[in-house]
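The values are calculated or read from the model by the stated rules, or taken from the named source; none is laboratory data. None of the values given here were measured: they were computed from a predicted structure. As a convention, Cβ positions derive from the backbone with ideal geometry for all residues, glycine included, and neighbour counts pool all protein chains shown.
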There are 2 protein chains.
Amino acid sequence: MKITGTTRVFMILGDPVAQVRAPEVYNHLFERHGVDAVVVPMKVPAADLAGFVRHTLKAQNVGGLWITIPHKGALVGLVDRCDPLASIAGAVNAVRRNEDGSTDGALFDGVGFVKGLEHFGFALAGKRVLVLGAGGGGHAVAAALLQRGAGFVAVHNRSLDRAEALVSRLKDSAGPRAGVAENADPSGYDLIVNCTSQGLKPGDPLPVDVSRIPAGSTLVDIIMSREPTPLLKACAERGIAAHPGFEMLVQQVPEYLRFFGMPQMAQILQQDLSEVRELLAPR
Amino acid sequence: MKITGTTRVFMILGDPVAQVRAPEVYNHLFERHGVDAVVVPMKVPAADLAGFVRHTLKAQNVGGLWITIPHKGALVGLVDRCDPLASIAGAVNAVRRNEDGSTDGALFDGVGFVKGLEHFGFALAGKRVLVLGAGGGGHAVAAALLQRGAGFVAVHNRSLDRAEALVSRLKDSAGPRAGVAENADPSGYDLIVNCTSQGLKPGDPLPVDVSRIPAGSTLVDIIMSREPTPLLKACAERGIAAHPGFEMLVQQVPEYLRFFGMPQMAQILQQDLSEVRELLAPR
């Protein structure tokens with residue numbers, strides 16, 4: 001990779017930032033596809049985030065930002081415009097600097113998730129989905145499911161008020177296709193999505209009673225983990241189609257590139273994401 | 001070069017910025033010497049400079065800034081502390097972010113110039129120097145000459161008030177070793193330094209009457225030019241030792257690296273600058 005005075009600069013903002021993979025993944029892709037751009041990490045404390053975003057994006061060769069923990073929520077209030085998924089989910093994971101200096105925020109977590117479903121051969125149109133967890137992941141996934149054609153999305157959360165708050169936002173555009181699930185019973189759903197953090201620690205109770213998942217239904221556990229989670233293992237033992245969250249990350253890559261004005265590269269990668277899967281593979 | 005989440009990020013600030021060489025030069029050196037750091041260009045308009053510097057340096061993995069045209073003067077007022085040469089010259093070309101978030105500014109143009117003299121075999125101690133031009137280059141060179149042991153430095157400028165203003169600043173630390181030269185007569189000087197822009201355009205009159213330069217004296221023309229300037233050619237014809245400004249750039253490189261906390265790399269390069277000369281060679 002050759003950085004010169006003409007290189008467009010992108011940044012990934014987080015705190016901590018040492019763990020981020022975006023510089024390795026995207027710089028590799030930029031080099032392979034002959035794009036004069038670079039991604040660098042920026043360790044920005046939350047207290048300094050607003051000033052950093054406002055002033056750093058004054059640099060005219062900055063193309064945009066990747067946003068990671070803990071800044072996704074705060075960015076919603078720091079960009080000039082948000083796409084609908086970012087607005088509903090209350091989170092931004094990409095910021096684009098336009099030519100006139102204005103900024104657009106977007107959230108690709110949920111889009112990546114839905115594109116992952118297609119990759120698994122799951123046809124979403126009209127299907128009934130149970131989303132477990134109304135945190136950041138649950139917000140992003142539920143909003144995208146409804147935008148991309150799910151028939152009905154029920155959200156369950158241990159503290160029901162969080163589920164109710166999310167569903168109330170979802171209803172603004174999805175109306176009666178969104179609802180609260182008062183318990184985690186998976187009966188009657190075509191797709192169950194675990195967006196809780198249950199299963200991260202050994203000995204955690206499973207977030208759903210696997211024995212009650214209908215035969216022929218599909219489960220996705222969005223927990224990012226090198227090993228299959230206990231939930232995924234339990235499903236496999238019962239013969240239920242179950243997928244990890246990894247593909248959600250993979251499928252976001254072309255979305256970011258399109259958003260940042262690199263449509264050709266996005267299209268080439270979308271046709272064959274095997275290179276992206278290798279780059280993102282857990283180490 | 002591999003950029004990861006742990007990489008220290010440096011920036012070069014200018015407007016325009018497409019022409020800067022720092023990313024190519026320093027990224028090559030970082031890679032060769034196994035330093036986990038990267039330099040990226042930042043095209044920052046003057047109106048946005050103050051906010052950019054204050055807020056971008058909040059990112060804790062930013063190591064510092066290289067400063068180029070037109071921002072060198074403004075940076076003096078935007079850092080917490082300036083080294084004496086930067087203060088006298090009223091210009092900064094390097095900003096370091098310290099661990100506690102405070103910033104130090106420094107100016108290496110003049111230091112690079114004086115180290116270049118050593119490289120040419122010119123012993124500065126006690127010598128009489130005529131500096132032609134009281135712009136940015138003249139300020140940096142005159143201040144460093146006095147700090148590094150010149151016996152007397154006279155400054156000439158077409159509008160004498162600029163020369164007087166510079167000399168008045170120089171006298172604060174150099175006392176009677178600094179003075180104004182009312183004309184450009186080189187008689188009686190051991191070293192003549194052209195810091196004017198005369199000689200950039202073909203047909204420009206020479207900034208000094210070469211026939212009056214004493215035999216055995218030395219001239220340096222700090223104009224950066226791929227070809228020898230008319231002034232250098234005229235000196236060569238008269239057998240006067242004359243050197244271009246290129247070495248001034250070369251000799252700054254170890255200074256920057258030491259300032260940015262990379263003393264080992266600085267020491268290795270200082271012992272053999274041939275690699276740096278190749279990297280900086282005009283294209």
Considering only region B:66-86, I want to know if a residue exists there that is of a type in the set (Lys, Arg), touching a strand residue (DSSP E or B) at 6+ places or on another chain (Cβ under 9 Å) and more than 10 Å from chain A (Cβ to nearest Cβ). yes
Return the only residue of A:Val39, A:Val79, A:Val95, A:Val62 being in contact with a Pro (Cβ under 6 Å, 6 or more places away or on another chain) and either in the same structural domain as A:Phe259 (by TED's automatic domain parsing) or among the aromatic types (Phe, Trp, Tyr) (or both). A:Val39
Selection from region B:218-258 of residues assigned to a helix (DSSP H, G or I) and either touching a Lys or Arg at 6+ places or on another chain (Cβ under 6 Å) or of a type in the set (Asp, Glu) (or both) yields B:Glu237, B:Glu247, B:Val250, B:Gln251, B:Glu255
Among (1) at the interface with another protein chain (Cβ under 7 Å from one of its Cβ atoms); (2) more than 13 Å from A:Phe52 (Cα to Cα); (3) not acidic (Asp, Glu), the one test that B:Gln60 misses: (2)
Filter result (at the interface with chain A (Cβ under 7 Å from one of its Cβ atoms) and in contact with a Ser or Thr (Cβ under 8 Å, 6 or more places away or on another chain)) within region B:22-41: B:Pro23, B:Glu24, B:Val38, B:Val40, B:Pro41
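Would you check which residues across region B:233-261 are within 22 Å of the chain's Cα centre (by Cα), more than 17 Å from B:Leu280 (Cβ to Cβ) and crowded, with 22+ Cβ neighbours inside 10 Å and list them?
Just the residues of region B:233-261 that are within 22 Å of the chain's Cα centre (by Cα), to begin with: B:241-261.
Then keep just the ones that are more than 17 Å from B:Leu280 (Cβ to Cβ); that gives B:241-242, B:258-261.
Within region B:233-261, B:Ala242, B:Phe260 qualify.
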Do we find a residue being more than 9 Å from chain A (Cβ to nearest Cβ) and assigned to a strand (DSSP E or B) anywhere in region B:13-21? no
Looking at region A:82-91, can you tell me whether even one residue there is farther than 30 Å from A:Gly188 by Cα, assigned to a helix (DSSP H, G or I), among the small types (Gly, Ala, Ser) and outside the structural domain of A:Asp221 (by TED's automatic domain parsing)? no
Index of the failed condition, B:Lys201 passing every other in (1) in contact with a helix residue (DSSP H, G or I) (Cβ under 8 Å, 6 or more places away or on another chain); (2) within 26 Å of B:Val250 (Cβ to Cβ): (1)
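Does B:Asp221 meet the test of being farther than 19 Å from B:Leu160 by Cα and either surrounded by 12 or more Cβ atoms within 10 Å (Cβ to Cβ) or not assigned by TED's automatic domain parsing to the domain that holds B:Val141 (or both)? Step through it out loud before you land on a result.
Details: farther than 19 Å from B:Leu160 by Cα: yes; either surrounded by 12 or more Cβ atoms within 10 Å (Cβ to Cβ) or not assigned by TED's automatic domain parsing to the domain that holds B:Val141 (or both): yes.
In short, yes.
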When restricted to B:Leu49, B:Leu124, the only residue touching a residue at least 24 places away in the same chain (Cβ under 8 Å) and either within 12 Å of chain A (Cβ to nearest Cβ) or surrounded by 22 or more Cβ atoms within 10 Å (Cβ to Cβ) (or both) is B:Leu49
For region A:88-101, enumerate the residues that are over 14 Å from the mean Cα position of the chain (by Cα) and over 21 Å from A:Ile12 (Cβ atoms). A:Glu99, A:Asp100
